[in-house]
Amino acid sequence: MTDQKQTAPTPEVKKARFTTKRAGWIALNFFTPAAEIKNMARYTGNSASRLWERLRVVTSGHKAGDYRPADWSQAVADCGLSAEMLARNFRINRWLWWSLMWLTCLPAVGMLAMCLLVAASGGISGTGWLRIGCVFLVLFMMSATSFVQALAASYRLWQLAEKRVSASEKGSFKDYLSESRWCRQVLSAGLF
């Protein structure tokens, strides 16, 4: 038997080289977010311009082709349903939006309270705050949207109960806001 000394292979030290693969990886990491930001800005810009146009139309009052019933009976007759059926549909609609409003609002408030307690101990990192903020914002926006939809259903129920829809009958949204306790009606779904 021959006696040979076995030595451990020496590890080779690789020098950092700038290869085309590495350049491609850097370019991909730079241009992919840039393309995503460009697409997001384009879609957001289109949505914002459409929303601005809708707001302008809504706040400008009525246009030549808008439907404006002369009185309550004409409005009910034009819709094709009885007043009882309309009231039932609006009550169901209000309850659905009211439920969604509270199902998104209560967790958001609870999460905010928990975050304030944890923040006192300093247990949340910066990215954690960003994630929590995003979730809170989504829940809050869903709750606010539900509130507005429940407000619209409450307004329609008020019009049916008061039998006023036109401006001459004082059935506008401004009249509803001034004559009723609209916030209490929406938050309690009409129970109080």
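What length, rounded to one decimal in nm, is gained on full extension from Ala161 through to Thr145, with 0.36 nm per residue of separation minus their alpha-carbon distance? Mind showing how you got there, number by number?
Working: separation 16, 0.36 × 16 = 5.76 nm, distance 2.44 nm.
Computed gain between Ala161 and Thr145 is 3.3 nm.
Send over a whole-number figure in Å² for the accessible area per residue of the range 61-192, probe 1.4 Å.
I get 65 Å² per residue for the range 61-192.
With no solvent and one equal point scatterer per Cα, compute the Debye intensity ratio I(q)/I(0) for the range 99-192 at 0.16, 0.20 Å⁻¹ and report its log10, rounded to two decimals.
Debye curve over Cα of the range 99-192, log10 I(q)/I(0) at q = 0.16, 0.20 Å⁻¹: -0.72, -0.91.
State, to one decimal in nm², a quarter of the convex hull surface area for the C-alpha atoms of the range 87-129, i.e. the direction-averaged projected area.
3.5
May I ask you to compute the full-extension gain from Trp182 to Phe30, defined as 0.36 nm times their residue separation minus their alpha-carbon distance, rounded to one decimal in nm?
49.6 nm
Roughly how big is the range 52-192's charge dipole about its Cα centre, with Cβ charges of +1 (Lys, Arg) and -1 (Asp, Glu), in debye to the nearest 20?
Dipole of the range 52-192, to the nearest 20 debye: 140 debye.
Between Ser47 and Thr127, 0.36 nm times their residue separation minus their Cα-Cα distance comes to what? Could you put the intermediate results ahead of the total?
Details: separation 80, 0.36 × 80 = 28.80 nm, distance 2.80 nm.
Here the answer is 26.0 nm.
Just the Cα atoms of the range 37-189, one point each, no solvent: what log10 I(q)/I(0) does Debye give at q = 0.14, 0.15, 0.16, 0.17 Å⁻¹?
-0.91, -0.98, -1.05, -1.11
Given labels modelled 7 Å from the Cα in the Cβ direction, how far is it in nm from Leu117 to Lys174?
So the label points at Leu117 and Lys174 sit 4.7 nm apart.
The values are calculated or read from the model by the stated rules, or taken from the named source; none is laboratory data. Quantities reported herein were computed from a predicted structural model and do not represent experimental measurements. Positions of Cβ are generated from backbone atoms using ideal geometry, with glycine treated the same way; all protein chains shown enter the neighbour counts. Heads up: the accessible areas ignore ligands, DNA and RNA and are worked out on the full protein's heavy atoms, side chains in. Shrake-Rupley method; radii C 1.70, N 1.55, O 1.52, S 1.80 Å.
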